[in-house]
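The values are calculated or read from the model by the stated rules, or taken from the named source; none is laboratory data. What you see is a predicted model, and the numbers here were worked out from it, not measured in a lab. Don't worry about glycine lacking a Cβ; one is built from the backbone with ideal geometry, like all the others, and counts go over all protein chains shown. Only protein heavy atoms, including side chains, enter the accessible area calculation; ligands, DNA and RNA are left aside. Shrake-Rupley method; radii C 1.70, N 1.55, O 1.52, S 1.80 Å.
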Amino acid sequence: MERRKPARTPELGPYKRHELLTGEIVNVERGYTGYGDGKSSNLLDFISDEMRRDWAEHRAKLIAFWKAGQYTAPDVFADAKPWLFVRGEPDTLPWAAEQFD
């Protein structure tokens, strides 16, 4: 039986958001919903049309977050995970901006 990916949701989710912002895959034993396959930690291996669409859809919000120097905390992103904690840097761009813009 062929395994299907879950249907897309309007929310990006914490793993994909972290990967678009940092270019880093953080795998955990269960519940990983990022772009990776659970084996390779090189996000460049997983650049896809889905990733490009997600960046296009969420670009403005993610860049605004990054440029504000905010933290990925529950008061900013309700689904934030403590092991995916990152802070934006006003003088830089998120990883996906460097890849896709």
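Condition check ((1) more than 14 Å from LEU12 (Cα to Cα); (2) within 14 Å of the chain's Cα centre (by Cα)) across all residues:
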| position | (1), (2) |
| --- | --- |
| GLU24 | yes, yes |
| THR33 | no, yes |
| GLY38 | yes, no |
| SER41 | yes, yes |
| LEU44 | yes, yes |
| ALA60 | no, yes |
| GLY88 | yes, yes |
| ASP91 | yes, no |
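Report yes if LEU62 is under 21 Å from ASP101 (Cβ atoms), among the aliphatic types (A, V, I, L, M) and either modelled with pLDDT of 95 or more or in a helix (DSSP H, G or I) (or both), otherwise no. Walk me through it before giving the result.
On the way: under 21 Å from ASP101 (Cβ atoms): yes; among the aliphatic types (A, V, I, L, M): yes; either modelled with pLDDT of 95 or more or in a helix (DSSP H, G or I) (or both): yes.
When the stated conditions are applied, LEU62 passes them.
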Worksheet item: Out of the stretch 64-76, which residues are within 13 Å of PRO14 (Cα to Cα) and touching a Leu at 6+ places or on another chain (Cβ under 9 Å)?
Response: THR72
Worksheet item: So which residues in the stretch 34-57 are in a loop (DSSP other than H, G, I, E, B) and open to solvent by less than 80 Å² (accessible area, probe 1.4 Å)?
Response: GLY34, TYR35, GLY36, GLY38, SER40, ILE47, SER48
Item to complete: Kindly list the number of the only condition in (1) farther than 16 Å from PHE100 by Cβ; (2) modelled with pLDDT of 95 or more that fails for SER48.
Response: (1)
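Here's the yes/no breakdown for (1) of a type in the set (A, V, I, L, M); (2) surrounded by fewer than 16 Cβ atoms within 10 Å (Cβ to Cβ):
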{"residue": "ARG59", "(1), (2)": "no, no"}
{"residue": "ILE63", "(1), (2)": "yes, no"}
{"residue": "GLY69", "(1), (2)": "no, yes"}
{"residue": "PHE77", "(1), (2)": "no, no"}
{"residue": "ALA80", "(1), (2)": "yes, no"}
{"residue": "GLY88", "(1), (2)": "no, no"}
{"residue": "THR92", "(1), (2)": "no, yes"}
{"residue": "ALA96", "(1), (2)": "yes, no"}
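Looking only at the stretch 33-48, count how many residues are of a type in the set (A, V, I, L, M, F, W, C) and at positive phi. Steps first, answer last, please.
Taking the stretch 33-48 as the starting set, the residues that turn out to be of a type in the set (A, V, I, L, M, F, W, C) are 43-44, 46-47.
When the remaining residues are screened for being at positive phi, the result is none.
Residues in the stretch 33-48 being of a type in the set (A, V, I, L, M, F, W, C) and at positive phi: 0 in total.
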Response to the item:
For the stretch 54-77, pairs from a residue that is more than 15 Å from ASP91 (Cβ to Cβ) to a residue that is modelled with pLDDT under 95 and open to solvent by 80 Å² or more (accessible area, probe 1.4 Å), with Cβ under 7 Å and 6 or more apart or across chains, are TYR71/PHE85; THR72/PHE85
